[in-house]
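The values are calculated or read from the model by the stated rules, or taken from the named source; none is laboratory data. In this text, all values refer to a predicted model and were calculated from it rather than measured experimentally. All Cβ positions, glycine included, derive from the backbone under ideal geometry; neighbour counts span all protein chains shown. These accessible areas exclude ligands, DNA and RNA; they are computed on the full protein's heavy atoms, side chains included. Shrake-Rupley method; radii C 1.70, N 1.55, O 1.52, S 1.80 Å.
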Amino acid sequence: MQIYDVVIIGAGPAGLSAGLYAGRSRLNTLLIEKEKDGGQIVITSEVENYPGCMEEESGRSLVARMTRQTETFGVERAQDTITKVDFSGDIKVLTGKKGEYRARAVIIATGAYPRPIGCEGEKELIGKGVSYCATCDGNFFEDMDIYVVGGGDTAVEEAMYLTKFGRKVTIIHRRDQLRAAKSIQEKAQKNPKINFMWNTVITKLKGTGLLESMVIKNLKTNEEVEIHAPEEDGTFGVFGFIGFLPQSSIFEGAIAIEDGYIPTNEKMETNIPGVFAAGDIRVKDVRQVVTAAADGAIAAMMAEKYLEH
Ligand SMILES: Cc1cc2nc3c(=O)[nH]c(=O)nc-3n(C[C@H](O)[C@H](O)[C@H](O)COP(=O)(O)OP(=O)(O)OC[C@H]3O[C@@H](n4cnc5c(N)ncnc54)[C@H](O)[C@@H]3O)c2cc1C
């Protein structure tokens, strides 16, 4: 069976960038993706904050160029879902639904998905009013109404960040008090642009092109109300901040994992020699395309150094 220099798991921005660098270094590289290339960013209709992306670059078009560039340098591709790994020897073994793969070094770039709000219409309206990333999409809602779902530190901090853009930011929380740290809550309560809807969940999001209305339900009274976008705006924003689902379950027991994320040092090295992690799956503060791509480049260069030794 063929033994690759490097196998990369996941073809999101981190994996594609790792593939580009590994391929250019003439490493015998295999890039495995279970779905379509691009990971989370393909569902975004406009990427404004990746350097060089201008004039209505969509996630899909950005990823298509990334894939083309990576494949130019001879990276082999496999479409498979990795379900099991064995990192105990010098040769790492990855088992997928379709086959087994062996490599001297592995780069894990499996990402972390935002936990969905869990209501009807959500999936269809992602990138059309529904978002999970304030840094990415906040400025699309300049002077509009914004709703934030969640009650933890991230939800409240991101709601405060979104007040830079929205005319009003309403935190929708299923309980009657926030889970966020007291200091964060105090700041939010003093912010005149922030409002709260307690004991409330969104049950339905509606819209033909963009998000146009939503049905909310009061969990105490069971009363449902439909909120429509102000006529002058035609739409509004709903941001979900109820946690992330890091794609790390298959690595449990094989490498160190903290709260679902893989800790690395600055060289993207995990606790297992020859196994690197890059992108959103890492323990880190900023999860963006640019940071994922940077991680991927570092991981590939460090894998090359590891292989030299
Ligand atoms: C709605 C939304 C909008 C966003 N907008 C922006 C934006 O405008 N600008 C920005 O910079 N960032 C944005 N982000 C964040 C950005 O998309 C992520 O930070 C980035 O995609 C992370 O890249 P990644 O390669 O680490 O992981 P991902 O993009 O999550 O890619 C991981 C890949 O690994 C694959 N995979 C997972 N498990 C396996 C397995 N077992 N076997 C094989 N393959 C596997 C997945 O299918 C996926 O393709 C947005 C995120 C979301 C959700």
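At-a-glance table
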{"quantity": "Residue check, GLU269 buried (at least 16 other Cβ atoms within 10 Å of the Cβ) and away from the ligand (no atom under 11 Å from the Cβ)", "calculated": "yes"}
{"quantity": "Every residue from the range 210-226 that is open to solvent by 40 Å² or more (accessible area, probe 1.4 Å) and not polar (S, T, N, Q)", "calculated": "LEU210, GLU212, LYS217, LEU219, LYS220, GLU223, GLU224, VAL225, GLU226"}
{"quantity": "Residues located in the range 179-229, provided they are part of a strand (DSSP E or B) and within 18 Å of GLY151 (Cα to Cα)", "calculated": "ILE194, ASN195, PHE196, MET197, THR200, VAL201, ILE202, THR203, ILE216, LYS217, ASN218"}
{"quantity": "Residue match in the range 72-88 (condition: without any contact (Cβ under 8 Å) to a residue 24 or more places away in the chain, open to solvent by 60 Å² or more (accessible area, probe 1.4 Å) and within 14 Å of the ligand (Cβ to nearest atom))", "calculated": "no"}
{"quantity": "Answer residue from the range 118-144, given it is surrounded by fewer than 21 Cβ atoms within 10 Å (Cβ to Cβ) and among the acidic types (Asp, Glu) and is nearest to the ligand (Cβ to nearest atom) among those", "calculated": "GLU122"}
{"quantity": "Count of residues meeting criterion [buried (at least 24 other Cβ atoms within 10 Å of the Cβ) and part of a loop (DSSP other than H, G, I, E, B)] in the range 272-292", "calculated": "1"}
{"quantity": "Any hit, the range 236-254, residues being outside the structural domain of LEU162 (by TED's automatic domain parsing), buried (at least 19 other Cβ atoms within 10 Å of the Cβ), within 24 Å of TYR21 (Cβ to Cβ) and more than 13 Å from the ligand (Cβ to nearest atom)", "calculated": "no"}
{"quantity": "Criterion (near the ligand (Cβ under 9 Å from one of its atoms), buried (at least 17 other Cβ atoms within 10 Å of the Cβ), within 22 Å of the chain's Cα centre (by Cα) and not aliphatic (A, V, I, L, M)) met by exactly one of GLU48, GLU33, GLU57", "calculated": "GLU33"}
{"quantity": "Number of the condition not met by THR110 [criteria: (1) within 13 Å of the ligand (Cβ to nearest atom); (2) touching a helix residue (DSSP H, G or I) at 6+ places or on another chain (Cβ under 8 Å); (3) farther than 26 Å from GLU46 by Cβ]", "calculated": "(3)"}
